Amino acid sequence: MKTLDDWLRWQEYQFLLSIKLGLERIRTVAERMDLLQLPVPVIMVGGTNGKGSTCAMLTRILTLQGYRVGTYTSPHLMRYNERIAINAEPASDAMICEAFTAIDKARDGIDLTYFEFGTLAAAWCFVHAKVDVMVLEVGLGGRLDACNLWDADVAIITSIGIDHEDWLGSTRKAIGREKAGIMRAGKPVISGDPQPPATIASEAARIGARLLQYGQDFNAEGVPTPALLGDVQQQNAACVVTALQQLHEILPVSPAVMAEGLRTVSLTGRMQRVHEEPEVLLDVAHNPHAAKELALWLKKNPVEGKTFAIFSILADKDIAGVLEIMATQVNEWHLVPLSGSRAASRELLVDKVQASDAQATIHVYSDFQSAWNSIHLMAEKQDRVVAFGSFLVVSGMLEILVP
């Protein structure tokens, strides 16, 4: 392959394993690449929502402390390179292509998913960049996710909500059991959900992990307020501080650096303000759990004018659940159907919005530029625009508003 785009297109079309949970294939390839044992501490971050924010806080704090930090997250918003970052800077095309070449050679006919290629590439890049610590975000679930190939020195489970039901189960109890799979015997696990399903504690006991539970073993009292918007970020920050305290002997961080890191952290697409007068917020809320946090913040921080929503989502999400929560905070809906086989169609989006609010004002556009042009003409300075739903909504609006 010549370019990163060539590699990514090849991965997408060469293998029909869009999602295939299980660690056997990736473990075999990792062993061939001498990547089964990582040479530095690993912080594993799982959960339904809050993973990206938690990874961003960890990365900011550890980088400020002077550590070289490898951070693996997904999905990306603008460029694939965002997934594999060293000290918060995306890895170069050349480095990722070199990693892909090494993986392709080692797999020797073993099929790997797009995500598995990326996960191995992240580990390869971090090892070759000689990072001091790795922060790995679980992609889906935990127990069978590719990142769970490695043992975490400390695991964080941010929250448990209903999402990815076809893969993880339809109850918080079942989903909690899957996400608990990143726990390790004798190692600390930080649980950030204020009302976790019982399976978090029962799995910790079964595995022999040292469970620290939000509201019981630690809380947000005295934790500096992070720069990220949303009440839940204080809870995420408390998880970060507690996790780093558990690693103090191998990764010492001063309280002053923790505070500075939280005060200066930033993260694209999480209640991100990108425009003033009218205020424009971007958020990747694509399930009811995340929509609840977004709606709560909007309610607590009202504007004098109207709220316009730019919205789209994938068809396999709980669209009705998201819209039921957000309907009370939105005056007008501006819908942009996405492309792709998983996208919710124009008809489905309109039907779901009307079902959540029979009197809803609805506009539909072919692209995000047209939606923004229309809203920009009608919106007053005191109004607010909230673009949310799929990651593709946020990336589409970023291309327009943040050149």
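The values are calculated or read from the model by the stated rules, or taken from the named source; none is laboratory data. Keep in mind that what you see is a predicted model, and the values were worked out from it rather than measured. Note that each Cβ is placed from the backbone with ideal geometry, even for glycine, and that neighbours are counted across all protein chains shown. Just the protein is used for accessible areas: all its heavy atoms, side chains included, with ligands, DNA and RNA removed. Shrake-Rupley method; radii C 1.70, N 1.55, O 1.52, S 1.80 Å.
General remarks:
- What a 1.4 Å probe finds exposed on region 191-347 is 48% carbon and sulfur by accessible area, rounded to a whole percent.
- Stretchable slack from HIS363 to ALA327, in nm (0.36 nm times residue separation minus alpha-carbon distance): 11.5 nm
- Relative contact order of the chain, defined on C-alpha pairs under 8 angstrom at six or more residues apart (%): 15 percent
- A Cβ-based charge dipole, computed about the Cα centre of the chain with Lys and Arg at +1 and Asp and Glu at -1, lands at about 660 debye.
- On full extension, the segment bounded by ALA185 and THR101 gains 26.8 nm, given 0.36 nm per residue less the C-alpha separation.
- Dipole magnitude for region 327-394: about 180 debye, using +1 per Lys or Arg Cβ and -1 per Asp or Glu Cβ, origin at the Cα centre.
- Residue by residue, region 231-248 carries 3J(HN,Hα) couplings of 4, 5, 5, 5, 5, 4, 4, 5, 5, 4, 4, 5, 4, 5, 5, 5, 9, 4 Hz when phi is fed to the Karplus relation 6.51 cos²θ - 1.76 cosθ + 1.60 (θ = phi - 60°); x denotes Gly or Pro.
- Given charges at Cβ of Lys, Arg, Asp, Glu: the chain dipole, positive-most of MET378, ILE26, VAL40: VAL40
- All lysines inside 17 Å of LYS300 as judged from Cα atoms, apart from same-chain residues fewer than 8 positions distant: LYS292
- In a fully extended conformation the segment linking HIS248 and SER202 would gain 13.9 nm over its present Cα-Cα distance, using 0.36 nm per residue.
- Largest GNM mean-square fluctuation across LEU229, LEU377, LEU247, computed for the chain with C-alpha springs under 10 Å, falls on LEU377.
- Rounded to 10°, Cα long-axis angle of helix 346-356 versus longest principal axis of the chain: 80 degrees
- Averaged per residue, the chain has 43 square angstrom of accessible surface, using a 1.4 angstrom probe with ligands and nucleic acids left out.
- Looking at region 263-367, the GluC sites (Glu not before Pro) that sit in a DSSP loop and have at most 11 other Cβ atoms within 10 Å of their own Cβ are GLU276, GLU304.
- With the simple model of a label 7 Å out from the Cα in the direction of the Cβ, SER266 to THR171 spans 4.5 nm.
- For ASP34, the accessible area of its heavy atoms, probed at 1.4 Å with every protein chain present, is near 130 square angstrom.
- Dipole orientation for the chain: of the candidates SER390, ILE156, ALA94, ILE156 has the Cα lying most toward the positive pole (charges on Cβ; Lys, Arg +1; Asp, Glu -1).
- Shown for region 61-100: the carbon plus sulfur share of the solvent-accessible area, taken with all protein chains present and a 1.4 angstrom probe, equals 49%.
- Spin-label pair LEU377/ARG32, simplified geometry with 7 Å Cα→Cβ offset, distance in nm: 5.7 nm
- Listed residue (SER254, LEU212, VAL232) projecting farthest to the positive dipole end of region 193-339, Cβ model: LEU212
- Angle between the chain longest axis and helix 198-207 axis [Cα atoms, degrees, rounded to 10]: 10 degrees
- Sequence-distant residues sharing a close amide H with SER390 (under 5 Å, placed H): SER312, ILE313, LEU314
- Residues whose amide H falls under 5 Å from that of THR48, counting only those 5 or more places apart or on a different chain, are THR158, SER159, ILE160, GLY161, with hydrogens built in the peptide plane.
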